[in-house]
Amino acid sequence: MEELSHWIDGKKVAGTSGRFADVYNPATGAVQARLPLASTAELNEAVNRAVIAQRAWGATNPQRRARVLAEFVRLINRDMDKLAEVLSREHGKTMPDARGDIQRGLEVIEFCTGAPHLMKGEFTDSAGTGIDVYSMRQPLGVVAGITPFNFPAMIPLWKIGPALACGNAFILKPSERDPSVPVMLAELLQEAGLPDGVLQVVHGDKESVDAILDNPDIAAIGFVGSTPIAEYIYGRGCANGKRVQAFGGAKNHMVVLPDADMDQAADALVGAGYGAAGERCMAISVAVPVGEGTADRLVEKLIPRINALRVGPYTEGDNVDYGPLVTAEAKARVLGLIEEGVKAGAELVVDGREHAIKGDEAGFYVGPHLFDRVTPEMSIYREEIFGPVLCQVRVPNYAAAVELIKNNPYGNGVAIFTRDGDAARDFASRIDVGMVGINVPIPVPLAYYTFGGWKKSGFGDLNQHGPDAFRFYTRTKTVTARWPSGLKEGGEFHFKQVD
Ligand code: NAD
């Protein structure tokens, strides 16, 4: 059995806590490696080393830091297939999807190569007589990231890139479900020229997360994961005086107005609902057709598309649409929620339990499910299912669609499908959700915009990547300078005559 390692001070380091977690291959259900789970002492030691390494890195000029990131981009592209294979083997997503996971992270690193520009402060010449005011952005010191299983490359890259570009050292605590790609990325950063100790990858569970929350040398924490843990991280991290951004779970709706192109809407829903087996924080899990006629037409279009989905292992390459769930527990939880949906009286229009699976029977597969006539009290509507289950909630009119979404506690992503520009514009401006798609089902903003949800989907006031990330990972110092006016008149340009 392979035993995985932490990445400390530029090398692989075995765990010493004696505690381990199993890492599965979800496509076969087999345990493929043992992961060491760090103790508080191991985490604190990694931070101590990072404190020392950060001093020189923070003093390196931003252009040199950016060059390391530019080389990192080249190396990720070089190793793209290798990274994608390891990612798929631990996560279960298809190879094309794994490449997308890496690519969307890579784009943020590309953005971060603009660090010299993004780190620039402001300057006001002659704010008063002889007075100049300027501001500078300085690194925070050592910062940490705690990341979820569902994007094991993208989300660590969203955090590592801006944090390092700003001159911080970074402690990454990746998900214990798929921990190998983050270590491979750390190795590539070292090859790209990152000094040892500036990026430490420490594996672990609650013990190491709590050690991060309580370590006084960690100035800021970026978290992504489920809402209960996001709330916990935000509360405890802030109480300890840290800067915290914590992104949580989601329940993303897609409103379909009667004038929408129904084929386009159905295609979009199938991709956004079942892609990555529904294990995306931006997955559409609720379809909201407006009017009974729209709902009937949509279901009719969805059924054949859902039945045609090919479910199987990543080893099938482009021949599968989605793979298994990440663990047996995740599968059991999703199947439990499906039972609850049936018991609560939702109409199970497509029963994925009968869907053909191409893969190993012991893999953690769940076929695609479609529920119609779901109502807001049902647990399949209230809970984030995080599986290949799409729920349709029928509403009588546009106002009821907006009301439904406003009453939902989550606010990560939302979409509207319509040909009516006026309705789309009204929707984008009124809806209380952080990321809105107009005829775009998964509106993940590009690297130079920022990513973040509202309500129970995000805690803290700055988003991930884009310009917000450079604010989050720096603190601003403002200097007011007065130069005594007339000093220059006092300058002497000739030898004084000595009497
Ligand atoms: P999770 O909350 O179980 O785990 C996230 C991280 O927290 C992991 O590193 C894990 O080790 C750690 N953790 C878990 N339990 C903990 C505890 N009790 N105390 C301290 N730390 C703990 O989430 P997950 O299952 O890995 O990821 C799926 C969730 O992440 C979904 O809810 C999804 O919507 C969300 N997500 C949100 C975004 C976003 O940007 N809003 C992006 C991706 C995923």
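When you check Gly161 against the structure, is it within 14 Å of the ligand (Cβ to nearest atom) and not aliphatic (A, V, I, L, M), yes or no? Even if it seems obvious, please write down each step before you answer.
On the way: within 14 Å of the ligand (Cβ to nearest atom): no; not aliphatic (A, V, I, L, M): yes.
For Gly161, the condition - within 14 Å of the ligand (Cβ to nearest atom) and not aliphatic (A, V, I, L, M) - is not met.
Yes or no, residue by residue, for (1) at positive phi; (2) of a type outside the set (Gly, Ala, Ser):
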residue	(1), (2)
Ala276	yes, no
Pro289	no, yes
Glu292	no, yes
Ala295	no, no
Val299	no, yes
Arg305	no, yes
Thr315	no, yes
Asp318	no, yes
Revision key, fill the gap. Subset of segment 424-450, residues in contact with a helix residue (DSSP H, G or I) (Cβ under 9 Å, 6 or more places away or on another chain), closer than 26 Å to Asp263 by Cβ and in a loop (DSSP other than H, G, I, E, B), comes to Ile431, Val433, Asn439, Val440, Pro441, Ile442, Val444
Check your understanding: Of these, Glu231, Glu316, which one is modelled with pLDDT of 95 or more and either within 15 Å of the ligand (Cβ to nearest atom) or of a type in the set (Val, Ile, Thr) (or both)?
Key -> Glu231
Study note, to complete from the structure: Conditions (1) surrounded by 18 or more Cβ atoms within 10 Å (Cβ to Cβ); (2) farther than 15 Å from Cys112 by Cα; (3) within 14 Å of the ligand (Cβ to nearest atom); (4) not hydroxyl-bearing (Ser, Thr, Tyr) -> Asp468 fails only (2)
Exercise for review: Please determine, by comparing only the residues of segment 1-13 that are out of contact with any helix residue (DSSP H, G or I) (no Cβ under 8 Å at 6 or more places or on another chain) and under 16 Å from Gly197 (Cα atoms), which one is surrounded by the fewest Cβ atoms within 10 Å (Cβ to Cβ).
Suggested key: Lys11
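Search segment 431-462 for residues being over 24 Å from Glu383 (Cα atoms) and not β-branched (Val, Ile, Thr), and hand back the single one that is nearest to the ligand (Cβ to nearest atom).
First, the residues of segment 431-462 that are over 24 Å from Glu383 (Cα atoms): 438-439, 445-450, 461-462.
Still in the list and also not β-branched (Val, Ile, Thr): 439, 445-449, 461-462.
On the way: Asn439: 22, Pro445: 11, Leu446: 15, Ala447: 14, Tyr448: 17, Tyr449: 14, Asp461: 15, Leu462: 13 Å.
If we take residues in segment 431-462 being over 24 Å from Glu383 (Cα atoms) and not β-branched (Val, Ile, Thr), then Pro445 is nearest to the ligand (Cβ to nearest atom).
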Exercise for review: From Gly452, Gly458, Gly437, grab the single residue that is touching a Leu at 6+ places or on another chain (Cβ under 9 Å), surrounded by 19 or more Cβ atoms within 10 Å (Cβ to Cβ) and either charged (D, E, K, R) or over 23 Å from Pro304 (Cα atoms) (or both).
Suggested key: Gly452
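Of these, Gly167, Gly193, Gly145, which one is modelled with pLDDT of 95 or more, at positive phi and either in contact with a Pro (Cβ under 6 Å, 6 or more places away or on another chain) or within 14 Å of the ligand (Cβ to nearest atom) (or both)?
Working: Gly193 fails: either in contact with a Pro (Cβ under 6 Å, 6 or more places away or on another chain) or within 14 Å of the ligand (Cβ to nearest atom) (or both); Gly145 fails: at positive phi.
None of the other options fit; the residue is Gly167.
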Point to revise | Breaking point among (1) crowded, with 24+ Cβ neighbours inside 10 Å; (2) in contact with a Pro (Cβ under 8 Å, 6 or more places away or on another chain); (3) of a type in the set (Val, Ile, Thr), for Val320 | key: (1)
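Which members of segment 175-190 meet the condition of being within 14 Å of the ligand (Cβ to nearest atom) and either small (Gly, Ala, Ser) or out of contact with any Asp or Glu (no Cβ under 9 Å at 6 or more places or on another chain) (or both)? Let's see the steps before the verdict.
Step one: of segment 175-190, the residues within 14 Å of the ligand (Cβ to nearest atom) are 175-179, 181-182.
Hits for segment 175-190 are Ser175, Pro182.
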Review point. Considering segment 196-245 alone, what residues qualify as being closer than 12 Å to Asn44 by Cα and either surrounded by fewer than 23 Cβ atoms within 10 Å (Cβ to Cβ) or among the aliphatic types (A, V, I, L, M) (or both)?
Key: Val202, Glu207, Val209, Asp210, Ala211, Ile212, Leu213, Asp214, Asn215, Pro216, Asp217, Ile218
Review point. Does Phe151 qualify as being of a type in the set (Phe, Trp, Tyr), in contact with a strand residue (DSSP E or B) (Cβ under 9 Å, 6 or more places away or on another chain), under 30 Å from Thr28 (Cβ atoms) and buried (at least 22 other Cβ atoms within 10 Å of the Cβ)?
Key: yes
**Study point:** strands (runs of 3 or more DSSP E) completely within segment 336-423 that count 2 or more residues being touching a residue at least 12 places away in the same chain (Cβ under 8 Å), in contact with a strand residue (DSSP E or B) (Cβ under 8 Å, 6 or more places away or on another chain) and surrounded by fewer than 23 Cβ atoms within 10 Å (Cβ to Cβ)
**Key:** 347-350
Practice item. From Arg236, Arg280, Arg297, grab the single residue that is modelled with pLDDT of 95 or more, out of contact with any Phe, Trp or Tyr (no Cβ under 9 Å at 6 or more places or on another chain), of a type outside the set (Ser, Thr, Tyr) and within 11 Å of the ligand (Cβ to nearest atom). Key: Arg236
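The values are calculated or read from the model by the stated rules, or taken from the named source; none is laboratory data. From a predicted model like this one, the values you see are computed outputs, not experimental measurements. Quick reminder, even Gly has a Cβ in these numbers, built from the backbone with ideal geometry, and neighbours come from all protein chains shown.
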